[in-house]
Every structure is written in structure tokens, then in C-alpha cells.
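Working notes, structure below.
Rule-based calculations on the coordinates, nothing more; no lab input. Keep in mind it's a predicted model, so treat the numbers as computed, not measured. Ideal geometry is used to build each Cβ from the backbone, glycine not excepted, and the neighbour counts take in all protein chains shown.
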Amino acid sequence: MANEFLNNINEFNLKEKYLSTNPEDSENPVFIKSEEYVNKDAAVQEKSSHEKSAIAVSTTNLSVWFNDKPGIENVNINIKKDSVTAIIGPSGCGKSTFLRALNFMHDLTPNAVVTGEINILGKDITEYNSIDIRKKVGMVFQKPNPFPTMSIYDNVISGLKLNWGHKKGLYDEIVETSLVQSGLWNEVKDRLKISAYSLSGGQQQRLCIARTLAVKPEIILMDEPTSALDPISTAGIEASIHDLKKIYTFIIVTHNMQQAARVSDFTAYFYLGKLIEHSKTSTVFTKPKEKLTEEYITGKFG
């Protein structure tokens, strides 16, 4: 008994001095010096923190219901920062419903119920209020919607004037930077005080993008932003997205397969309210894992 007691004491001391590389594996422990373990643990935590910080948006069992009918059900997805993710699928499959859930837009819809978890930039979406979330998550709609009574200049700074209180001395710089980023500056720099409604459709959409960029969100949602535009305007917006993804995360809903292939790094395919597949765009378009994805990509339906 005494020997058994001593053995237990020695084992306890050993565990105090040395730590298992897998503390949960009590039957097959592997011991290393505690200092080495601490260093390794710190490295693992740092890697985990880095991986977490590399995710802009994540959802867990996200569902949205309208009058007891599901718009999307149990969507689980991780969207990486500083990338472009295309959301594709046939009409009515839940693409826009998913997008609008990411910045409280369903709060404006009567009888809409959102369940599950949405994590935006490392925080649960419920930790934001509606103003704060829209500072982080901007939105560009299908139809250009510049403010009709405002000039080009005032459209760009409208968000700043309403909520952010920037010094007026910075407005000129912000307007120029935002219009340059949206690819519109050279076309309007000499007529910033004219009505935004004097612009063409493609120019109005780029103005709306500039207005979104002016408040410096980290995530930009785009709901079919080029569906009503001519090919030249579409190419201009796609070029802007390509350049800006180095500093912004884009999530773009599109019916245009070629556009998804051109601009996105990742593609998520929705069907009947469910996320069917989410992977690198090159994989989804050339070697999809799911048969439904393959059938949609090859044009068998949709």
C-alpha cells in the first residue's frame, strides 16, 4: 500500500512538471516539458485566433421564415475576409434572403423570423445595433438608388453626415477616394455638384458603391449589382471589385454564371432554401462535389 501511495505521489509530481500534448488522452499520455507545452499551446492558440480572425462572416443553423414559410433553412457557412464570395442558384432559392440576414434587413420585414447564429467579424450579430452593423456591413442593391435630391458629392458623403460626424475638411478627400475606388472619378470629377440623377444607370450604380465605400465598411453585400447594366458598366464594376477585395470582403448574389466565375474566389450554391455546396470557385465550376450543383452549373435546370 505504501509503495502504491508513493507511486501515486510520484505520478502526480510528474504531471505537475510535465504536461501531456493531449491532456484529454488520459490512457495514452505523451509527456513533454511543461515549458515546451506552454509554448506549443500558445502557438496553437495564436493559430486558432488567426484562423478565426480570417473569417468575416460565419453562420450556424441560420434560418429565415416568412409567415411560417422557410426562405432559407439551417445554413452553415464560413466566409473568408478579403475575398469575393458569389452566391448562386435559381430564382427563389434564398440567395437574397441569406444576404439580407447579414445586416438586419429582415427586421424591416413584417412577419419575418430569423433563427440560428450569425457571426460578423468575430462578434455575434446581436451584439451590434442596426447603425453599428451597417458601419461594418454595407449594401449595394440590384437597382441603383442614389438620393434624387442630392448632388453626386452629397450622395457620397450622406452616410458620413448622418451618423459618423467626420470633419468637413475631410469630405473632399473622402469623396475623391471613394469615387476613384468605384471607378467613377474621372467621369464626374468636374461636375460633382450636379444631380446624381443626371448620371447613366451604370454610373449611378458606381456612385452607390462609392457611397458605400465612403463609410469604410469591412464587408460589402451586393445583390445582383450589374443585372440591369450594359456590358461596359458591368466590366467596370467587376474591375472595381477585383481591385478592392484586397481590403474589403465582398458577398455578391448573381444569376450570371460567367460573372461568378470571373470575379469570385469562392462560390456558394443555394437550392430551395438550402446551402448545397460552398467551395473555391474553381472547384465548384469544374469539379463540384454535389450532383445538384453539377446539374445547375451545366444548365440542366435553373
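For segment 113-215, lysine pairs separated by 8 or more sequence positions, or belonging to different chains, with Cα-Cα distances below 24 Å total 18.
About its Cα centre, the dipole of segment 212-302 is roughly 280 debye, where the only charges are +1 on Lys and Arg Cβ and -1 on Asp and Glu Cβ.
Rg and Dmax, both from the Cα atoms of segment 139-189 and both in Å, are 11.3, 33. Between amide H atoms placed 1.01 Å from N, distances below 5 Å from Gly116 occur with Ser63, all of them 5 or more places distant or on a separate chain. Shown here is the pair-distance distribution of segment 206-255: with all Cα-Cα distances grouped in 5 Å bins from zero up to the longest one, the shares run 5, 20, 32, 29, 12, 2 percent. Relative to the current alpha-carbon distance between Lys123 and Asp265, full extension at 0.36 nm per residue lengthens the span by 48.7 nm. Here the ratio of the Cα radius of gyration of segment 181-279 to 2.2 N^0.38 Å is 1.16. Available extension along the chain between Phe301 and Tyr197 is 33.6 nm, counting 0.36 nm per residue and deducting the alpha carbon span.
Only one residue of Ala101, Ile152, Val57 has its Cα farthest out toward the positive end of the dipole of segment 51-158, where Lys and Arg carry +1 and Asp and Glu -1 on Cβ, and that residue is Ile152. Using the Cβ-Cβ distance between Lys143 and Gln258 with R0 set to 30 Å, the FRET efficiency from 1/(1 + (r/R0)^6) comes to roughly 0.90.
Peptide packing: for 106-114, 219-227, the average count of neighbouring Cβ atoms within 10 Å per residue gives the ranking 219-227, 106-114, highest mean first. Using C-alpha pairs below 8 Å separated by at least 6 residues, the relative contact order for segment 161-268 is 26 percent. Considering all alpha-carbon pairs of segment 67-188, what whole percent are spaced by more than 24 angstrom? Of all Cα-Cα distances in segment 67-188, 42 percent exceed 24 Å. Separation of segment 207-231 and segment 275-302, taken as the distance between their Cα centroids, equals 26 angstrom.
Spin-label model, Leu108/Lys69: points 7 Å from Cα along the beta carbon direction are separated by 2.2 nm. The charge dipole of segment 153-289, taken about its Cα centre with unit charges on the Cβ atoms of Lys, Arg (+1), Asp and Glu (-1) only, comes to about 280 debye. With the largest listed first and rounded to whole Å, the semi-axes of the equivalent ellipsoid of segment 125-211 from the Cα gyration tensor are 22, 16, 11.
To the nearest 0.05, what FRET efficiency results for Thr60 and Ala228 with a Förster distance of 35 Å applied to their C-beta separation? Walk me through the numbers before you get to the answer.
Working: r = 34 Å, r/R0 = 0.98.
Plugging the Cβ-Cβ distance into 1/(1 + (r/R0)^6) gives 0.55.
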